[in-house]
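Here the structure is laid out as C-alpha cells; the discussion comes afterwards.
The values are calculated or read from the model by the stated rules, or taken from the named source; none is laboratory data. Because the structure is a prediction, the values reported are computed rather than measured. Note: ideal-geometry Cβ built from the backbone for every residue, glycine included; neighbour counts use all protein chains shown. Surface accessibility is based on the protein's heavy atoms, side chains included, excluding ligands, DNA and RNA. Shrake-Rupley method; radii C 1.70, N 1.55, O 1.52, S 1.80 Å.
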Amino acid sequence: MRARPGAAAYAMPRLIRALHVAEKPSVAKKVAEHLSEGVACNNRQGPSVYNRLFDFETGGPPSHGACRVRHVVTSVTGHLMSTEFEEPHNKWHACAPRDLLCEDVSRVEWTVAEEKAPLKRQLEDEARAADWLVLWLDCDREGEAIAFQVMDVTRSELRPGATVHRAKFSAVTPADIEKAMATLGEPDERLSEAVIARQELDLRVGVAFTRFTTRHFQSKYA
C-alpha cells in the first residue's frame, strides 16, 4: 500500500519505558505524583501487596529528541537481601566458632529473604519491559547498597541495551524530584561495597560470639 504524502510527519515518537524504584512506598507515591503532574496516573497492585505500582506517560527529555516515556514507579521496603553463611557453616555445630571469622574457611551469601519473594517477582516482571532503571533510593551508603540489590534482581530481566540511572535528591518536593530527574547520575559501587563489608563483619562477629558464649555456658548452668 502506498503511503500518503507527508505521512512521515505524523510518525509516532519513539517510546521509552522507565522503571523507577524508590526505597519505600511513600517516596514512590510522591515521585509518581510529581513526575506525572498534569497527566493521568494509574495506581495498581502487583505481586507485592505493600508496594503499589504507578503508571503514567510523559514527554521525553530534550536530550532524547522526539520521544515519549512510559513510567512505572514502585518501591522496595528497605534491604531486599539478607546475609547468611553458606552450607554447612550455617548450622550451629558444623564448625568451631573461630572458623566463622575466617573468610578462607567460611563463606557468606546474600539471598532475597523469603518474605521479600513477591517483591522480587514484581521487580523482575516490571523490568522485562524497561529501557531505563531509575533508582530513587536514599542518598546514603545504605541506599546505595539497596540500589545495587535492585540492580542484581533486575539485571537479567531488563531489555537489551537498557541503562541504569541514579536519582540524587534530599527531599520529595516537586522541585527536588524534577531536579533529580533532570540530573540523573550513576550508582556508586564503592559506597555499596562499604555496606557489604560492614554487613559481613556484623554477621561473622555476631554469630561467632553467640555460638561461642552459648557453647561455653550451656553446660555450666541448669
Limited to region 89-126, what total is found for residues that are assigned to a helix (DSSP H, G or I), over 19 Å from Lys24 (Cβ atoms) and hydrophobic (A, V, I, L, M, F, W, C)?
2
Regarding Ala96, is this residue over 21 Å from Ala167 (Cβ atoms) and among the hydrophobic types (A, V, I, L, M, F, W, C)?
yes
Could you go through region 152-165 and let me know if any residue there is surrounded by fewer than 18 Cβ atoms within 10 Å (Cβ to Cβ), more than 14 Å from the chain's Cα centre (by Cα) and under 18 Å from Val27 (Cα atoms).
no
Name every residue in region 11-43 that is loosely packed, with under 12 Cβ neighbours inside 10 Å and within 16 Å of the chain's Cα centre (by Cα), in order of residue number.
Ser26
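Does at least one position in region 181-191 carry a residue that is within 26 Å of Cys102 (Cα to Cα) and either among the charged types (D, E, K, R) or out of contact with any helix residue (DSSP H, G or I) (no Cβ under 8 Å at 6 or more places or on another chain) (or both)? Before the answer, list the steps.
Step one: list which residues in region 181-191 are within 26 Å of Cys102 (Cα to Cα), which gives 189-191.
After this cut, where a residue has to be either among the charged types (D, E, K, R) or out of contact with any helix residue (DSSP H, G or I) (no Cβ under 8 Å at 6 or more places or on another chain) (or both) as well, the list is 189-190.
Within region 181-191, one or more residues are within 26 Å of Cys102 (Cα to Cα) and either among the charged types (D, E, K, R) or out of contact with any helix residue (DSSP H, G or I) (no Cβ under 8 Å at 6 or more places or on another chain) (or both).
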Reported set for region 117-127 where residues are surrounded by 15 or more Cβ atoms within 10 Å (Cβ to Cβ) and without any contact (Cβ under 8 Å) to a residue 40 or more places away in the chain is Glu124
Suppose we filter Ala208, Ala171, Ala130, Ala147 for residues that are of a type in the set (Gly, Ala, Ser), open to solvent by less than 30 Å² (accessible area, probe 1.4 Å), touching a helix residue (DSSP H, G or I) at 6+ places or on another chain (Cβ under 9 Å) and assigned to a loop (DSSP other than H, G, I, E, B); which single one remains?
Ala130
Could you check region 68-111 and list, in sequence order, the residues that are more than 16 Å from the chain's Cα centre (by Cα), crowded, with 16+ Cβ neighbours inside 10 Å and of a type in the set (A, V, I, L, M, F, W, C)?
Val69, Phe85, Cys95, Leu100, Val108
Inspect region 145-166 for any residue being in contact with a strand residue (DSSP E or B) (Cβ under 6 Å, 6 or more places away or on another chain) and of a type in the set (Lys, Arg) and give the result as yes or no.
yes
Could you count how many residues in region 44-65 are free of Cβ contacts under 8 Å to residues at least 60 places away in the same chain and open to solvent by less than 80 Å² (accessible area, probe 1.4 Å)?
10
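Quickly run through region 6-33 and pick out the residues that are assigned to a helix (DSSP H, G or I) and at pLDDT 95 or above.
Pro25, Ser26, Val27, Ala28, Lys29, Lys30, Val31, Ala32, Glu33
Per-residue answers, yes or no, for (1) part of a helix (DSSP H, G or I); (2) polar (S, T, N, Q); (3) modelled with pLDDT of 95 or more:
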site	(1), (2), (3)
Leu135	no, no, yes
Asp138	no, no, no
Asp176	yes, no, yes
Phe212	yes, no, no
His216	yes, no, no
Tyr221	no, no, no
